[in-house]
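Undergrad: Mind looking over this structure? Questions follow.
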Amino acid sequence: MNKESRGNFSSKIGVVLATAGSAVGLGNVWRFPYMAGQNGGAAFILIYIGFVFLLGIPGMVCEFIVGRNAHTNAARSYAKLGGKTPFAWAGIIGLFAGMCILGFYSVVAGWCLHYFYASLTGGLKGDTTAVAEYFQNFSSSAVTPAVLAVLFVLLTHFVVAKGVKSGIEKASKLLMPLLFIFLIVIIIASCSLPGAGEGIKFLFHPDFSKIDRTVLLAALGQAFFSLSLGAACLCTYASYFDKGVNLLQSASQIALVDTLIAILAGLMIFPAAFSVGVSPDSGPSLIFITLPNVFNQAFGSMPIVGYIVSVMFYALLVLAALTSTISMHEIGTAFFHEELNISRGNAAWITTAICSAIGVLCALSVGNGSLSLFGKSILDFLDFLTAQILMPLVAMLTCLLVGWYVPKDIVWREYTNRGTLRGTLFAIFYFCARVVCPLCILMIFLDQLKLI
Ligand code: TRP
């Protein structure tokens, strides 16, 4: 398959935008606050930030190198560099993780879609208890969440198959700043609620006694999930990068924007959660039972403003989720297209079918005890399996591959765009890829298994 027929991103800004669009999504607005809430707040956030910069950025650069070097789908990219070693499996494991994530992510994106509709039609009114019950009833109902999950996969399918991604890329130039502005507006509203100070304290006053082995693994998983790292996604996107893209700079910019949005989401949720009495460790339901209260209460004197802000915010959330699901869908589509030698359209249908099936199972498992795995709903189980096991594993293999197995001159050539860049911070990057990242991930795994 030659390079032209696979297509490249049209411009450098297109690359950064699409990859940033992949990174910024429900991972920041939905998953980050609930993870931080379950794992003690500020201390978790500090560790999270440390992991993003120490492990995330070098890990992203490694994954970019694998993808851009091979210019092909994830499985073959890893096989090209890894040969017959176990490194070659990383692409397939990543692909598997990416498809599972698309399955459960669509369920949550479907919830957002429903909340968009419900806020539009004024269905999210009432006090804190009513709002919590609303979510409970909705998410555990049998039909709507499953239908919405499939709808979301189909929406993604349409964008990927029709190749209208460039439109979405351009739109995200506008959408991301807009999301940022809305976050700020809602943060102001949330912080103006009585008793909001407690939430700010929860976010910024670390209590290090709360750090244990589960917190470390949770922060690691969240960092990778939020950066889309370790699931063959960055490597698939990087296979479309041209040789002018500065890998380190792009990874750093994306990590910065991604972290900023996550922290803003925390600032939006916790002051309000403390104010209205929603427990910070409510889990996946956290934003869905907190946000409607902000819109109902903080904008009490100006209901029309609350209405507009809420509708626009849920719409933005759906779009942010869409730029992320597009990147997950692309992993499978590129793989089936190139490996089975079928058209992109058919490859996209295979991805859609598999991920819709996973999505339906996940949607049905919420609030239904009989559909559980290892004591968790299928949704929670897949979330745990992918973010906290498979993604760190793939990221570790990627760093080892680039750090030890691939000849250094190939790494240098990719890093410096064939010698056209100065190779800023190469020594630090290379050391992180060889030693720091694999060792940290390994230690967290061993620690989790109670082996150290
Ligand atoms: N990073 C995205 C978010 O924060 C989720 C995501 C997009 C993702 N593409 C991915 C996660 C690929 C894993 C793999 O919402």
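Undergrad: Would a scan of region 72-93 turn up a residue that is touching a residue at least 40 places away in the same chain (Cβ under 8 Å), among the charged types (D, E, K, R) and more than 14 Å from the ligand (Cβ to nearest atom)?
TA: yes
Undergrad: To continue, here is another question. Does region 155-208 hold any residues that are among the acidic types (Asp, Glu) and either open to solvent by less than 60 Å² (accessible area, probe 1.4 Å) or not in a helix (DSSP H, G or I) (or both), and which are they?
TA: Scanning region 155-208 gives Glu169, Asp207.
Undergrad: Now for a different question. Collect the residues in region 222-240 that are more than 8 Å from the ligand (Cβ to nearest atom) and not hydrophobic (A, V, I, L, M, F, W, C), keeping them in residue-number order.
TA: Of everything in region 222-240, those that are more than 8 Å from the ligand (Cβ to nearest atom) and not hydrophobic (A, V, I, L, M, F, W, C) turn out to be Gln222, Thr236, Tyr237, Ser239, Tyr240.
Undergrad: Moving to a separate point now. Being crowded, with 17+ Cβ neighbours inside 10 Å and within 16 Å of the ligand (Cβ to nearest atom) is the requirement here; does Thr416 meet it?
TA: no
Undergrad: Looking at this structure, is Leu148 within 16 Å of the ligand (Cβ to nearest atom) and open to solvent by 10 Å² or more (accessible area, probe 1.4 Å)?
TA: So Leu148 fails the test.
Undergrad: Here's something else I'd like to know. Does region 306-324 include one or more residues that are open to solvent by less than 10 Å² (accessible area, probe 1.4 Å), in contact with an Asp or Glu (Cβ under 9 Å, 6 or more places away or on another chain) and part of a helix (DSSP H, G or I)?
TA: No, there is no match, as no residue in region 306-324 is open to solvent by less than 10 Å² (accessible area, probe 1.4 Å), in contact with an Asp or Glu (Cβ under 9 Å, 6 or more places away or on another chain) and part of a helix (DSSP H, G or I).
Undergrad: When you go through Ala363, Ala433, Ala387 one by one, which is the residue that is farther than 20 Å from Leu234 by Cα, crowded, with 23+ Cβ neighbours inside 10 Å and in contact with a helix residue (DSSP H, G or I) (Cβ under 9 Å, 6 or more places away or on another chain)?
TA: Being farther than 20 Å from Leu234 by Cα, crowded, with 23+ Cβ neighbours inside 10 Å and in contact with a helix residue (DSSP H, G or I) (Cβ under 9 Å, 6 or more places away or on another chain) holds for just one of Ala363, Ala433, Ala387, which is Ala363.
Undergrad: Check off (1) open to solvent by less than 10 Å² (accessible area, probe 1.4 Å); (2) more than 13 Å from Ala238 (Cα to Cα); (3) among the β-branched types (Val, Ile, Thr); (4) more than 19 Å from the chain's Cα centre (by Cα) for Ile65 and give me the number that stays unchecked.
TA: With respect to (1) open to solvent by less than 10 Å² (accessible area, probe 1.4 Å); (2) more than 13 Å from Ala238 (Cα to Cα); (3) among the β-branched types (Val, Ile, Thr); (4) more than 19 Å from the chain's Cα centre (by Cα), Ile65 is out only on (2).
The values are calculated or read from the model by the stated rules, or taken from the named source; none is laboratory data. On a predicted model such as this, the values are computed, not experimentally measured, just so you know. Reconstructed Cβ throughout: ideal geometry from the backbone, glycine too, with neighbour counts over all protein chains shown. These area figures cover heavy atoms from the full protein model, side chains too; ligands, DNA and RNA do not enter into them. Shrake-Rupley method; radii C 1.70, N 1.55, O 1.52, S 1.80 Å.
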